[in-house]
Amino acid sequence: MTAPLETEDCRNLLVSALPPAQDADTVEPTLFNLFTPDSHRLALHIDTTVVRGGRGVGKTFWCRSLLDSRLRDVAAEEYRIERLRNVRVSPGYGATLNPDLYPGAGELANLAGEGVRAYDLWNAVLLVALGQPELQGYMEWKDRIAWVQANPGARDRTVARADRQAAADGLTHLVLFDALEHLHQDRGQADRLVAGILQLALEMRLSTRNIRCKIFIRPDMFDGALLHFPDASKLTSNAASLQWTTTNLYGLFFHYLGNQESAESARFRSWTGNWTEHAGRHLPPPTLLGDEQLQASVLSDLAGPYMGANYRKGITYTWLPNHLMDGVEQVSPRSFLNALSVAVHETRGKYASHGYAIHHEGIRKGVQSASQTRVIEIREDMPWVRTVIDPLVGQQVPIDQNLVLQLWEDGNLTASLGKEAARTGAGESGTEVRTGPRYPDDHLRLIDELIALGVMRRRKDGRIDLPDVYRIAFSIGRRGGVPKVQP
């Protein structure tokens with residue numbers, strides 16, 4: 001290991017390595033940003049059908065990586081999943097417009113409006129992927145679906161033939177489904193469409209050996225689909241969750257810093273140990289990926305050991321993930337990298353003469369920014385959470401549970417949730433839609449539901465707390481904590 005980089009060189013490297021905004025729809029996986037934490041191995045396994053994960057944990061990244069043969073080979077080697085080398089991968093749905101392979105959101109809206117069965121629709125997508133001759137070329141999706149409905153025997157023969165041929169060729173057909181939140185604006189219709197995907201995936205799992213679906217999905221969308229296809233629960237026995245440990249997060253950060261085409265990046269690699277080169281990218285030494293003390297030491301050289309004058313202000317290495325962690329102890333890498341990106345820009349703008357590349361006040365600003373992003377996301381995914389938290393704005397946490405219940409009672413929360421459910425549930429489908437909490441009129445169980453979502457947590461003394469990643473942007477105070485964002 002050589003000496004650390006100069007402060008300004010570090011800032012140049014951080015600015016070039018960390019993208020200004022982490023957006024799954026705009027960040028394409030490449031050899032340089034492909035990072036393979038051990039905890040994600042199960043998600044990549046061929047027989048893992050359901051891959052659950054919240055916003056920003058890497059669902060779209062992995063889906064796109066599996067569609068790229070070069071990245072798939074790298075994942076196969078690093079995770080030692082030999083079957084990944086012998087797959088024929090097709091997109092079944094995704095954010096990318098690909099009308100020859102699956103209908104886009106506009107066409108899905110029309111098809112759903114015409115009452116097309118979701119199971120028939122996704123069967124048409126599967127048969128296109130398997131090369132059904134009658135469904136190839138320029139053809140409207142409603143005509144493809146009509147062919148599937150009129151020819152169930154031909155459909156079965158095609159699936160069986162493709163399964164046998166795949167066995168003879170020693171490969172697996174893998175159909176990927178991602179970006180399911182874009183299926184339909186009406187949540188009821190979206191749940192029905194997801195249920196159709198799950199029904200098809202279960203059927204392929206039970207009736208074939210070499211045709212598999214892999215579904216990247218948010219947990220709340222999986223729960224919503226269960227209303228329409230309860231047997232989907234049979235897919236949970238081999239489901240995977242995309243989770244990130246603290247060492248995973250810092251490993252990803254250092255991986256980004258060591259995979260830039262710059263002199264600073266080369267010096268970072270030289271400084272931090274014995275990096276190796278494989279398949280055109282640089283791999284950090286195992287100790288830099290899994291040794292907390294070494295990671296903390298490197299971060300200390302970049303951002304200082306403490307979040308202020310001394311250890312009483314917090315240890316930088318643990319402070320950052322702890323303040324981005326939700327109530328179930330999950331941190332998304334998107335939030336983590338976004339916070340660091342904001343931190344270095346804040347440092348350059350306000351603390352340019354600081355002795356470290358990142359100032360601790362910049363990190364606090366980064367946490368505020370990540371909190372704002374997280375709250376926007378949960379308002380989009382589950383609008384009722386905002387309705388529940390609003391009566392608590394201006395309070396301080398930890399807060400007595402009885403005070404929470406009183407504030408909800410005074411604010412007539414049950415009526416507010418009822419109005420919101422009536423508004424957001426009045427979709428086009430007329431089908432059952434879960435637009436609010438399970439128990440809107442039982443506030444004790446509502447607290448338990450918020451704890452399960454990670455929005456709240458209960459302290460040992462029974463008081464209720466909100467993790468900073470939600471508290472700050474929801475404008476709830478904490479004595480001595482990161483300042484809340486004013487509404």
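A crude spin-label estimate for the pair Ala154 and Arg80, with each label 7 Å from Cα along the Cβ direction, gives 4.7 nm. In this structure, Glu8 and Asn310 have a Cβ-Cβ separation that, at R0 = 22 Å, corresponds to a calculated FRET efficiency of about 0.25.
Only protein heavy atoms count here; on that basis, with a 1.4 Å probe, Asp231 has an accessible area of about 70 Å². Projected label points at Arg386 and Asn98, each 7 Å from Cα along the beta carbon direction, are separated by 3.3 nanometres.
Under a model in which nothing but the beta-carbon of Lys, Arg (+1) and Asp, Glu (-1) is charged, the range 82-150 shows a dipole of about 320 debye around its Cα centre.
Report, in deg cm²/dmol and to the nearest 500, the calculated mean residue ellipticity at 222 nm for the chain, where each DSSP H run with n ≥ 4 adds -39500 (n - 2.57) and the sum is divided by the residue count.
Value at 222 nm, helices only, nearest 500: -15500 deg cm²/dmol.
The relative contact order of the chain, computed from alpha carbon pairs under 8 Å that lie at least 6 residues apart in sequence, is 18 percent. One decimal place: the segment Asp448-Asp231 gains 75.5 nm when fully extended, by the rule 0.36 nm per residue minus the C-alpha distance. Within the chain, the whole DSSP H helices whose Cα atoms reach 20 Å or more along their own axis and whose mean Kyte-Doolittle score is at least -1.0 are 187-207, 333-350, 360-381. Out of Leu44, Pro383, Asn412, whose Cα points farthest toward the positive end of the dipole of the chain (charges: +1 Lys, Arg; -1 Asp, Glu; placed on Cβ)? Positive-most Cα among the choices belongs to Leu44.
Among DSSP beta bridges lying fully in the chain, give the percent that are antiparallel, nearest 5.
Here the antiparallel bridges make up roughly 30 percent for the chain.
When the charge dipole of the chain is built from unit charges on Cβ atoms (+1 for Lys and Arg, -1 for Asp and Glu) and taken about the Cα centre, the candidate among Thr316, Thr276, Leu174 whose Cα reaches farthest toward its positive end is Thr316. Taking a point 7 angstrom from the Cα of Ser241 along the C-beta vector, which residues in the range 35-67 have backbone N less than 18 Å away? From the range 35-67, the list is 37-45, 48-60. With a cut-off of 14 Å between beta carbons, the residues surrounding Tyr102 carry a summed charge of -3, where Lys and Arg count +1 and Asp and Glu -1. Close Lys pairs in the chain (alpha-carbon distance under 15 Å; sequence gap of 8 or more, or different chains): 4.
With a ≥ b ≥ c taken as the square roots of the eigenvalues of the C-alpha gyration tensor of the range 172-300, please select rounded if a/c is under 1.5 and otherwise prolate if a/b is larger than b/c or oblate if it is not? Prolate, since a/c reaches 1.5 and a/b exceeds b/c.
With a simple spin-label model that places each label point 7 Å from the Cα along the Cα-to-Cβ direction, the separation between Ser39 and Ala352 comes to 3.9 nm. Figure note: Arg157, Arg267, Arg117, Arg478 ranked by solvent-accessible area, largest first, 1.4 Å probe, ligands and nucleic acids not counted: Arg157, Arg117, Arg267, Arg478.
Magnitude of the charge dipole for the range 315-463, about its Cα centre and with charges confined to Cβ atoms of Lys, Arg (+1) and Asp, Glu (-1), is about 580 debye. Extension gain, Val15 to Glu409, is 137.0 nm, computed as 0.36 nm per intervening residue step minus the present C-alpha separation.
The values are calculated or read from the model by the stated rules, or taken from the named source; none is laboratory data. Nothing here was measured: the structure is a model prediction, and the numbers come from that model. Positions of Cβ are generated from backbone atoms using ideal geometry, with glycine treated the same way; all protein chains shown enter the neighbour counts. Note: areas computed on protein heavy atoms with side chains; ligands, DNA, RNA excluded. Shrake-Rupley method; radii C 1.70, N 1.55, O 1.52, S 1.80 Å.
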